1. Between a residue in segment 94-118 that is within 13 Å of G11 (Cβ to Cβ) and any residue that is of a type in the set (D, E) and open to solvent by 10 Å² or more (accessible area, probe 1.4 Å), which pairs come within a Cβ distance under 7 Å, given they are 6 or more apart or on different chains?
2. Considering only segment 33-51, I want to know if a residue exists there that is among the polar types (S, T, N, Q), under 21 Å from the mean Cα position of the chain (by Cα), under 24 Å from G280 (Cβ atoms) and open to solvent by 50 Å² or more (accessible area, probe 1.4 Å).
3. Assess whether R116 counts as being open to solvent by 10 Å² or more (accessible area, probe 1.4 Å) and closer than 29 Å to V329 by Cα.
4. Quick check on T211: is it of a type in the set (S, T, Y) and within 15 Å of the ligand (Cβ to nearest atom)?
5. When you scan segment 312-331, do you find a residue that is buried (at least 16 other Cβ atoms within 10 Å of the Cβ), closer than 23 Å to V235 by Cβ, touching a residue at least 60 places away in the same chain (Cβ under 8 Å) and touching a strand residue (DSSP E or B) at 6+ places or on another chain (Cβ under 9 Å), even just one?
6. Please pick out the residue among V281, V329, V297 that is under 19 Å from the mean Cα position of the chain (by Cα), at pLDDT 95 or above and not hydroxyl-bearing (S, T, Y).
7. Select from segment 281-299 the residues that are loosely packed, with under 14 Cβ neighbours inside 10 Å and either closer than 30 Å to E29 by Cβ or touching a helix residue (DSSP H, G or I) at 6+ places or on another chain (Cβ under 7 Å) (or both) and list them in ascending order.
Amino acid sequence: MRSVTILGASGSIGASAANFLRLHRDRFELKNIAVNGDWEAALRIALEFGCRAVAVSDAAAAAELRRQAPAGAFDVIDGPDAAAKIAADKVDVVLAAVAGSAGLPSVLSALRAGNRVALANKESMVCGGRALLDLAAANGVEILPVDSEHSAIFQAMLAGKREEVASIVLTASGGPFRTTPIEQMRAATPEQALAHPNWSMGAKITIDSATLANKGLELIEAAYLFDKDERDVEVVINPTSILHSAVQFRDGSMIAQLGLPDMRPPIALALSWPDRLETGVKSLSLAELGKLEFQAVDLERFPCLGLARACLRAPGGPLLFNAANEIAVAAFLERRIGFMEIPEFIAECLEAGAGRFACALDDILETNQAALAFSRSRLLARAA
Ligand code: MG
């Protein structure tokens, strides 16, 4: 029996993970879950899987959960650090699926407690960088990627030795604006940006997929996770999201991982590694598929990708890139800035804040808060 904690259990990744665990009750015990405020989802999941503890960050939601839960069914942990507390409980694997840098404290907490982390929260890797991998190594645990691209790279890497890897090919769907002219992108509404053609995901990551900031974050994540220079990570568009990423080896062989665009296989692999279990996702038929199409990324329409590459060269750059992006996405969803202002704003922040947010891992939570505050104040200055 493998014990599991899911952080972000009420989100899209959490739901897919629960869907997978339901198929393998003989192999996994869902011990703990954490949600932000969705106490109803938490109650349903906790009762279904017989969880021992539920972390709820929102105080009112936690109080409601305590009222609604059958007496003695499970413990309720509340408060802003509830997820970090529950992440420290010893289990075989913690699935970190909180969205944004809000997931950082719980990832640190899981690693410090010596828990293996199945990482869906790419922002932690972006903010923590190599220091996060060092923390995992110091605690004798692994970080297994859940992101479909990084799971693909992880799998392709197994075909050779690290020193035989020439480069990484990170694929992107291109999002809802893959072929949209830049004038129309400037006028794009949140509703249009939220309509992703292939993947069904949370709001933050869906907007990030429309600007390709998500691919920028993934490029940074890949550079750290697989110890590659950003110049050795190529980004190419595969509009159908069938080829999830590839590794180019020095002998001219490219090893790719393919499958239908469904998050269950990469989530499942990170939870069951080194075993592969059934996920309920149907096999890919190449004959039905017919063809695989690829395109280069238009950096003029998707400047976030170039900004992500550039920010890797400045100390603390990725953390600032992420903070500025989080503030910009929230502002776009609130209709305070336009779609193409997201990259403009990130570029401004990276320039004005260059070198200011370099820090050691111990100071990362404060530094991230400072970078978010810095970005918020730049946004206000922009509006004024
Ligand atoms: Mg991805």
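1. Short answer, once both residue conditions are applied: G100/E123; G100/E326; G103/E123.
2. Scanning segment 33-51, I find no residue that is among the polar types (S, T, N, Q), under 21 Å from the mean Cα position of the chain (by Cα), under 24 Å from G280 (Cβ atoms) and open to solvent by 50 Å² or more (accessible area, probe 1.4 Å), so the answer is no.
3. For R116, the condition - open to solvent by 10 Å² or more (accessible area, probe 1.4 Å) and closer than 29 Å to V329 by Cα - is not met.
4. Taking the combined requirement at face value, the residue satisfies it.
5. No - not one qualifying residue is present in segment 312-331.
6. Step by step, each of V281, V329, V297 is checked, and only V329 is under 19 Å from the mean Cα position of the chain (by Cα), at pLDDT 95 or above and not hydroxyl-bearing (S, T, Y).
7. Result: K282, S283.
Per-residue answers, yes or no, for (1) open to solvent by less than 30 Å² (accessible area, probe 1.4 Å); (2) within 15 Å of the ligand (Cβ to nearest atom); (3) within 18 Å of the chain's Cα centre (by Cα); (4) modelled with pLDDT under 95:
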position: K85; (1), (2), (3), (4): no, no, no, no
position: D134; (1), (2), (3), (4): no, no, no, no
position: F154; (1), (2), (3), (4): no, yes, yes, no
position: M157; (1), (2), (3), (4): yes, no, no, no
position: K161; (1), (2), (3), (4): no, no, no, no
position: I168; (1), (2), (3), (4): yes, yes, no, no
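The values are calculated or read from the model by the stated rules, or taken from the named source; none is laboratory data. Keep in mind the model is a prediction, meaning the values are calculated, not measured. For neighbour counting, all protein chains shown are included, and Cβ atoms are generated from backbone atoms with ideal geometry for every residue, glycine included. Note: areas computed on protein heavy atoms with side chains; ligands, DNA, RNA excluded. Shrake-Rupley method; radii C 1.70, N 1.55, O 1.52, S 1.80 Å.
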